[in-house]
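Student: This is the structure I have questions about; it appears just below.
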Amino acid sequence: MKKAQKQVSVSFMLAGILFCICLVAANLLETKVFQLWDSVSLTCGFIVFPISYILNDVIAEVWGYRKTRLIIWIGFAMNFFVITLGGIACALPPIEPGADEGFKQVFAFAPQIVAASLIAFIAGSVLNAMVMSKMKMRDRSKGNFSYHFSVRAILSTLAGESVDSLIFFPLAFYLFPFIFQGSPVLTFDIMLGLMVTQVIAKTAYEILALPLTLRIVQYVKRIENTDVYDEHVNYNAFRISDI
């Protein structure tokens, strides 16, 4: 197997593009909450956001923590870029008064949602990649790849999604609205229920998708002839240039 390289392949580029698309789509969908069952509510970002964590697992497993960190920050930049363009578009005058109300409902991102989403994304994604990387190093000399990859994929997603939810929901729907508007958007009980539901549902999503994720990882490793182990890696989330 090859060691980590600084150049990138077509497979890595495609994985990174899909990762960024999923993040932008999740940001657009995250502000709507839907009723799944009588007592279960989820944000619509649930439709696509777990895919980004599966991609995070694939990239971390095949190309290592350094390149995963790079993709995470590129995703952050693309999210910020789309949010900025949406803000500019909403500020431009419509062809007639009120003609852009529907447009604004989609693209007029609330500042507290944006800030909470970006902070939570960086923290959760970096932790997910870090757990994957460290567990892979621990499992290096062990057999039964399918079992050990499945365990680290599930545990890394559980860790990343937990941190993501612990940051996003309190900031977006409780703390920021309380500071800037004088009252939270959601009650503490509803917010806590959403957080727990999101973590459980997204982890379950990861588990259900494991057979597909495992096949993708094995296929990409084979065509890339790459299986990176993060020896002597610096896990500082801000060392973007270290790839």
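Student: With +1 on the Cβ of every Lys and Arg and -1 on the Cβ of every Asp and Glu, and nothing else charged, how large is the dipole of the chain about its Cα centre, in debye rounded to the nearest 20?
Tutor: Working: 19 positive and 17 negative charges, 238 e Å.
Here the size comes out at about 1140 debye.
Student: Which translational diffusion coefficient, to the nearest whole µm²/s, is obtained for segment 91-211 from the Stokes-Einstein equation, given a Kirkwood hydrodynamic radius over C-alpha pairs, 25 °C and 0.890 mPa s? Could you put the intermediate results ahead of the total?
Tutor: Working: Rh = 16.8 Å.
Using the Kirkwood radius from Cα pairs, D works out to 146 µm²/s.
Student: With every protein chain present, what accessible area does Glu101 have (1.4 Å probe, heavy atoms only), rounded to the nearest 10 Å²?
Tutor: Its accessible surface works out to 100 Å², give or take rounding.
Student: While we're on this one: About the Cα centre of segment 88-219, what is the dipole size in debye to 20, counting +1 per Lys and Arg Cβ and -1 per Asp and Glu Cβ, all else neutral? List each step's numbers first, then the result.
Tutor: On the way: 9 positive and 8 negative charges, 196 e Å.
Dipole about the Cα centre, nearest 20: 940 debye.
Student: What number comes out for accessible area per residue over the chain if the probe is 1.4 Å? Units Å², please.
Tutor: On the way: 12350 Å² over 243 residues.
I get 51 Å² per residue for this part.
Student: Contour minus end-to-end for Lys134 and Thr187, with contour as 0.36 nm per residue of separation and end-to-end as the Cα-Cα distance?
Tutor: Values: separation 53, 0.36 × 53 = 19.08 nm, distance 3.73 nm.
Fully extending the segment from Lys134 to Thr187 adds 15.4 nm.
Student: How far apart, in nanometres, would the label points at Ser9 and Val33 be if each is projected 7 angstrom from Cα along the Cα-to-Cβ direction?
Tutor: 4.4 nm
Student: Sequence gap at least 6, Cα distance under 8 Å: using those rules, report the relative contact order of the chain to the nearest whole percent.
Tutor: Computed over the chain, the figure is 29 percent.
Student: Can you tell me the Rg and the Dmax, both Å, for the Cα atoms in segment 1-120?
Tutor: 17.3, 62
Student: Filter the cross-link list Lys142/Lys202; Lys67/Lys136; Lys67/Lys221; Lys32/Lys134 down to pairs whose alpha-carbon distance in this structure exceeds 25 Å. Before the final figure, lay out the partial values.
Tutor: Working: Lys142/Lys202 28 Å; Lys67/Lys136 15 Å; Lys67/Lys221 15 Å; Lys32/Lys134 35 Å.
Table pairs above 25 Å Cα-Cα are Lys142/Lys202; Lys32/Lys134.
Student: Relative to the first principal axis of the alpha-carbon coordinates of the chain, what is the inclination of helix 111-138, with its axis defined by its Cα atoms, in degrees from 0 to 90 and to the nearest 10?
Tutor: Tilt relative to the chain: about 10 degrees.
Student: I would also like to ask the following. Taking the highest mean first, how do the peptides 169-180, 137-148, 205-216, 66-77 order by number of other beta carbon atoms within 10 angstrom per residue? Please list the in-between numbers first.
Tutor: Working: 169-180: 18.2, 137-148: 11.3, 205-216: 16.0, 66-77: 21.6.
Order by mean packing, descending: 66-77, 169-180, 205-216, 137-148.
Student: When the expected Rg is taken as 2.2 N^0.38 Å, what fraction or multiple of it is the alpha-carbon Rg of the chain? Could the numbers behind the result be given before it?
Tutor: Details: Rg = 19.0 Å, N = 243, 2.2 N^0.38 = 17.7 Å.
Normalised Cα radius of gyration, the chain: 1.07.
Student: Considering the options Met130, Val185, Phe169, tell which one lies farthest towards the positive end of the dipole of segment 81-208, charges being +1 on Lys and Arg and -1 on Asp and Glu at the Cβ, about the Cα centre.
Tutor: Met130
Student: With axes computed from alpha carbons, what is the tilt in degrees of helix 188-224 against the longest principal axis of the chain, rounded to the nearest 10 within 0 to 90?
Tutor: 40 degrees
Student: Now for a different question. Stokes-Einstein diffusion coefficient for segment 36-79 at 37 °C in a medium of 0.692 mPa s, Rh from the Kirkwood formula over Cα pairs: what value in µm²/s? All intermediate terms of the calculation are to be shown ahead of the outcome.
Tutor: Details: Rh = 12.0 Å.
Roughly 273 µm²/s, to the nearest whole number.
Student: Right, next: Would you mind calculating the gained length between Phe178 and Gln105 on full extension (0.36 nm times residue separation, minus the Cα-Cα distance), in nm to one decimal? Show your work: numbers first, answer last.
Tutor: Numbers: separation 73, 0.36 × 73 = 26.28 nm, distance 2.17 nm.
Here the segment from Phe178 to Gln105 would lengthen by 24.1 nm.
Student: Express in nm, to one decimal, how much length is gained between Ala201 and Val151 on full extension, taking 0.36 nm for each residue of separation and deducting their alpha carbon distance.
Tutor: Working: separation 50, 0.36 × 50 = 18.00 nm, distance 1.70 nm.
Here the segment from Ala201 to Val151 would lengthen by 16.3 nm.
Student: Something else now. How large, in percent, is the carbon and sulfur part of the accessible surface of the chain at a probe radius of 1.4 Å? List each step's numbers first, then the result.
Tutor: On the way: 8500 of 12350 Å².
Carbon and sulfur atoms account for 69 percent of the accessible area of the chain.
Student: Using only the alpha-carbon atoms, how far is helix 145-170 inclined from the longest principal axis of the chain? Give it as 0 to 90 degrees, nearest 10.
Tutor: Rounded to the nearest ten degrees, it is 20.
Student: Do you know the relative contact order of segment 115-231, to the nearest whole percent, from alpha carbon pairs under 8 angstrom that are 6+ apart? Walk me through the intermediate numbers first.
Tutor: Working: 100 pairs, mean separation 36.8, N = 117.
Computed value for segment 115-231: 31 percent relative contact order.
The values are calculated or read from the model by the stated rules, or taken from the named source; none is laboratory data. A quick note: this is a predicted structure, and the numbers were derived from the prediction, not measured. Every residue, glycine among them, receives a Cβ derived from its backbone with ideal geometry; neighbour counts consider all protein chains shown. Side chains are part of the model used for accessible areas, which takes the heavy atoms of the whole protein and leaves out ligands, DNA and RNA. Shrake-Rupley method; radii C 1.70, N 1.55, O 1.52, S 1.80 Å.
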